[in-house]
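S.K.: Structure below; questions to follow.
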Amino acid sequence: MTANTITFVSLAETTTFGIMIGRTARPGDIITLTGNMGAGKTTLTQAIGLGLMVPEEHYITSPTFSLLHEYPGRIPLYHMDLYRLADEEEIEALGFEDYLYGDGLCVIEWPERLGSLMPEDRLNIDLSFVSENSRRANLTGHSDSWRERILALTNIATK
Ligand SMILES: Nc1ncnc2c1ncn2[C@@H]1O[C@H](COP(=O)(O)OP(=O)(O)OP(=O)(O)O)[C@@H](O)[C@H]1O
Ligand SMILES: [Mg+2]
């Protein structure tokens, strides 16, 4: 297990970690969430929303009919679930790049669908199922800045 791997033994631990991400998020940050169905991508996004102080009445769910939901918070949260994305042209037509490089935090489920539009500078969190209430998170920073921030995030999370 590498230093960038964290195990959440309960939903509460996943929530604590997500809140920490939300509290420290900066405008323009991009976080991609990979992992199978049910791995906890949307659940982690909800916790990030808590950390961003998204008001409770804006309950974060997977955008079923739209690929993107925007929530107000300390900074805006742009939540994308690209599972149903057909092709790159569809995403370009929707103007997604404006969100990617916008003034909020962009959290993207199923980022594989972005193909060549995958942003360079991002944090990827790969979630995997361990047992009913336990999940493993493998963090990869795709920039020096994210690599530094991962150290802080994982230090706190494993204390
Ligand atoms: N430690 C944990 N962390 C995250 N989710 C957990 C944990 N323990 C149990 N769960 C449950 O696992 C489920 C994760 O579902 P979720 O919708 O977040 O997955 P997802 O990765 O977004 O799936 P999809 O690809 O279908 O969008 C939820 O029902 C959640 O309550
Ligand atoms: Mg989901």
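A short reminder: the numbers here are calculations on the coordinates, not readings from a lab. Owing to the predicted nature of the structure, the values given are computational and were not obtained by experimental measurement. Counting neighbours? That spans all protein chains shown, and the Cβs are built from the backbone with ideal geometry, glycine included.
S.K.: Sort the stretch 74-131 into rounded, prolate or oblate with this rule: let a ≥ b ≥ c be the square roots of the eigenvalues of the Cα gyration tensor; rounded if a/c is under 1.5, and if a/c is not under 1.5, prolate when a/b is larger than b/c, oblate otherwise.
M.R.: oblate
S.K.: Can you compute the modelled spin-label distance between residue 66 and residue 87, with each label point 7 Å from Cα toward Cβ, in nm?
M.R.: Between residue 66 and residue 87, the label points sit 2.5 nm apart.
S.K.: In addition: Can you find, among 102, 27, 43, the residue farthest towards the positive end of the dipole of the chain? Put +1 on the C-beta of Lys and Arg, -1 on that of Asp and Glu.
M.R.: Positive-end residue among those listed: 43.
S.K.: Between residue 144 and residue 130, with labels modelled 7 Å along Cα→Cβ, what's the label distance in nm to one decimal, could you check?
M.R.: 3.3
S.K.: Please state the shape class of the stretch 36-99: rounded when a/c is under 1.5, otherwise prolate if a/b exceeds b/c and oblate if not, all from the C-alpha gyration tensor.
M.R.: Since a/c reaches 1.5 but b/c is at least a/b, the shape of the stretch 36-99 is classed as oblate.
S.K.: Just add up the charged neighbours of residue 115: K/R +1, D/E -1, any other residue whose Cβ is under 10 Å from the Cβ of residue 115.
M.R.: Overall, the nearby charge balance is -2.
S.K.: Restricting to the stretch 5-157, compute how many DSSP beta bridges are antiparallel as a %, nearest 5.
M.R.: 55
S.K.: In addition: So how tilted is helix 41-51 from the main axis of the chain? Cα-based, degrees 0 to 90, rounded to 10.
M.R.: Taking Cα atoms only, the helix is inclined about 80 degrees.
S.K.: What is the spin-label model distance, in nm, from residue 97 to residue 24 if the labels are put 7 Å beyond Cα along the C-beta direction?
M.R.: 3.1
S.K.: Another question about this same structure. Give the dimensionless ratio obtained when the Cα radius of gyration of the chain is divided by 2.2 N^0.38 Å.
M.R.: With N residues counted in the chain, Rg over 2.2 N^0.38 Å equals 0.97.
S.K.: Just name one of 131, 116, 78: the one whose Cα is farthest towards the positive end of the charge dipole of the stretch 53-146 (beta-carbon charges, Lys/Arg +1, Asp/Glu -1).
M.R.: 131
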